[in-house]
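Asks: This structure is in structure tokens; I'll ask about it shortly.
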Amino acid sequence: MPNDPSSKNFMKGAMILTISALLTKILSALYRVPFQNIVGDVGFYIYQQIYPIYGIVLALSTYGFPVIVSRMIAEKEGDHESVEVTTIIRSSFSFLLIISFIWFLLLFFGAPYLASMMGDEQLAPLIKVISVSFLILPFTSILRGIYQGKEDMLPTAVSQVTEQFIRVATILVFSTWLVYGGYSLYTVSLGALFGSLTGGMAGIFVLISFVWVRKDQLGTSFQSQKYSQMIKIWKTLFFQGTAICISGMLLVLLQFIDSLNVYMLLTQQGMEEELAKKLKGVYDRGQPFVQLGTVVATSLSLTLVPMITSAYKKKKLDLVKEKTQLALKVSLFVGFAASIGIMNIIVPMNTMLFKNAEGSGVIAVFCLAIMFSSMIITISGIFHGIGDIYYPAIVILSGVILKFILNLLLVPLLTTMGASVATILALTVITILLIKKLRHHFGFRLVDWDLYRKMVIAGAAMTIFLQLWCSLYFVTIEQGFHERTMAAIFSLTGVSAGAMVYIYITLKRNVFTYKELSILPFGEKLMSISKRMK
């Protein structure tokens, strides 16, 4: 029912979480630019070697365990302070406490071994610092899960944004202070990684503040627990929580594979250590591009997933088909535009953001990940919405293993270009497997072949325009204009103009119907523009 209060609360909560997720992802991508400018490519390499571990903690405490805890609580109708809910809370917290402590011990005492695997033993102290963030995980996960189970998304949203803001502020303040203090780049990165702890503590503080101000009772009273109930809850958290986390950690897991073996493989080929660190740091410049591009594409497509879930549960197959095809169309079309657009203008963008154009070719290939990861995240969201959380996790985990193997084969031959190619090949395999399974599940074609033709035409038009624009940029550099200033001007205007060209072709060729446009954000504006073109 459209006027159902619970439905309204769900949609309002989903919107709050979506906005907070967008803000945190944008913050997580953007801070790397000033950070790299402060510490340079070698300092960026050091930080990026350890960052994926924090990314895993973040995924567990944001997308994994809170989701499962909230589902178990939401399934218990009636009084949220019932014995059953209390059992869920206490059992979940004990499970998370044990698991987190085990991970902390493994990382803290295994830091020298992991650093040695990465080929850089100086990373061991940094791994020990980041391991402490696992001890924060149980508190943030359980509090967020409790509130989400009550359909109260505000505490989770505020805590997520606060955590990222404090973390980013700590990173930039500490790195600036330590660099100008003359400390080594490893010490600088150690200070930056301290942001994971300040951010995590800030997130806990926000959540506890909500509890204190509202005087919420969160099932903390003592209740005897049956062993069988506790084991059932633990199994749910372990299997379902892990599956959801893997789907949410796609890009982080790929980064972790690069941390494990790219630098190590470069040095094994006889490359001088400092050069290998610099090359890996330059390669890591691609991460912010992919993060931001993926956020843009998935923020549009994922708004349709709740509609697909609702229609699937009501067995409205025509509506499922319509919304699924639209979600995939949006993620593919926007993801393709972001990938091709950045690839075409990567030289001025790289110079604008990171001071020079080093590694532009490697980053350009890496940016194809935007299109594939956008598709994967959207399809995984659809699978989760229809209740299949394991298949995406299995496929993504298989793709991560494939990435590891491809790195071993390609990095010795192509250096960091090999790592970029390995990422794209792994993502391609994951995308194909997910599409085949989803098509088999629903029994209809997911994307019309005509979309590919229109997509190529729009991409070609944008490519021609941006290549001409970049040619003009190179002319200004040859004339002696300040390189980074010109890079900023041509990047910002190029992104805007290239997007306008792509959108113009999209609307002119009726890629989206008026009905489809009406569902999307800014749809009415796009409909108005489209009508004026007729």
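Asks: Return the total of residues in the stretch 397-452 being of a type in the set (Gly, Ala, Ser) and more than 25 Å from the chain's Cα centre (by Cα).
Replies: The total comes to 1.
Asks: So if I check each of Ile489, Ile457, which one is closer than 18 Å to Met343 by Cβ and surrounded by fewer than 17 Cβ atoms within 10 Å (Cβ to Cβ)?
Replies: Ile457
Asks: Next question, about the same structure. Looking at the structure I just gave you, is Leu143 crowded, with 23+ Cβ neighbours inside 10 Å, in the same structural domain as Gly200 (by TED's automatic domain parsing) and farther than 25 Å from Gln122 by Cα?
Replies: Yes, satisfied.
Asks: Considering only the stretch 400-415, I want to know if a residue exists there that is out of contact with any Pro (no Cβ under 8 Å at 6 or more places or on another chain) and within 25 Å of Lys316 (Cα to Cα).
Replies: Checked against the condition, which is being out of contact with any Pro (no Cβ under 8 Å at 6 or more places or on another chain) and within 25 Å of Lys316 (Cα to Cα), the stretch 400-415 yields no hits at all.
Asks: Further, regarding this structure: Take the residues in the stretch 109-139 that are free of Cβ contacts under 8 Å to residues at least 24 places away in the same chain and more than 17 Å from Tyr186 (Cβ to Cβ), then tell me which one is surrounded by the fewest Cβ atoms within 10 Å (Cβ to Cβ).
Replies: Phe109
Asks: Would you point out the residue of the stretch 469-486, among those that are loosely packed, with under 13 Cβ neighbours inside 10 Å and β-branched (Val, Ile, Thr), that is nearest to the chain's Cα centre (by Cα)?
Replies: Per the stated criteria, the residue is Thr485.
Asks: Conditions first: (1) assigned to a helix (DSSP H, G or I); (2) modelled with pLDDT under 95; (3) not small (Gly, Ala, Ser). Leu446 passes all but one, so which condition is the exception?
Replies: (1)
Asks: Out of (1) within 18 Å of Ala338 (Cα to Cα); (2) in contact with an Asp or Glu (Cβ under 9 Å, 6 or more places away or on another chain); (3) of a type in the set (Lys, Arg), what's the single condition that is false for Lys403?
Replies: Every condition holds for Lys403 apart from (1).
The rows are residues; the columns are (1) closer than 20 Å to Val290 by Cα; (2) out of contact with any Pro (no Cβ under 9 Å at 6 or more places or on another chain); (3) surrounded by fewer than 18 Cβ atoms within 10 Å (Cβ to Cβ).
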| residue | (1), (2), (3) |
| --- | --- |
| Leu317 | no, yes, yes |
| Lys323 | no, yes, no |
| Ile376 | yes, no, no |
| Ser380 | yes, no, no |
| Tyr390 | no, yes, yes |
| Ser398 | no, yes, yes |
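Asks: Filter the stretch 262-288 down to residues that are at pLDDT below 95 and buried (at least 18 other Cβ atoms within 10 Å of the Cβ) and give me whichever is nearest to Phe366 (Cα to Cα).
Replies: Taking the candidates together, the pick is Gln287.
Asks: Which condition number in (1) modelled with pLDDT under 75; (2) surrounded by fewer than 16 Cβ atoms within 10 Å (Cβ to Cβ); (3) assigned to a helix (DSSP H, G or I) is the one that Phe101 fails?
Replies: All conditions pass for Phe101, except number (1).
Asks: Okay, next question. Residues of the stretch 403-436 being more than 28 Å from Glu358 (Cβ to Cβ) and buried (at least 16 other Cβ atoms within 10 Å of the Cβ), which ones?
Replies: Matches in the stretch 403-436: Val429, Ile430, Thr431, Leu433, Leu434, Ile435.
Asks: Among helices (runs of 4 or more DSSP H) lying entirely in the stretch 285-373, which contain 3 or more residues that are more than 26 Å from Asn37 (Cβ to Cβ) and either without any contact (Cβ under 8 Å) to a residue 24 or more places away in the chain or polar (S, T, N, Q) (or both)?
Replies: 286-301, 305-313, 317-344
Asks: Run Thr86 past the list (1) assigned to a helix (DSSP H, G or I); (2) surrounded by fewer than 19 Cβ atoms within 10 Å (Cβ to Cβ) and report the number of the one that doesn't hold.
Replies: For Thr86, the failing item is (2).
The values are calculated or read from the model by the stated rules, or taken from the named source; none is laboratory data. Keep in mind it's a predicted model, so treat the numbers as computed, not measured. Please note: Cβ atoms are built from the backbone with ideal geometry, for glycine as well, and neighbour counts cover all protein chains shown.
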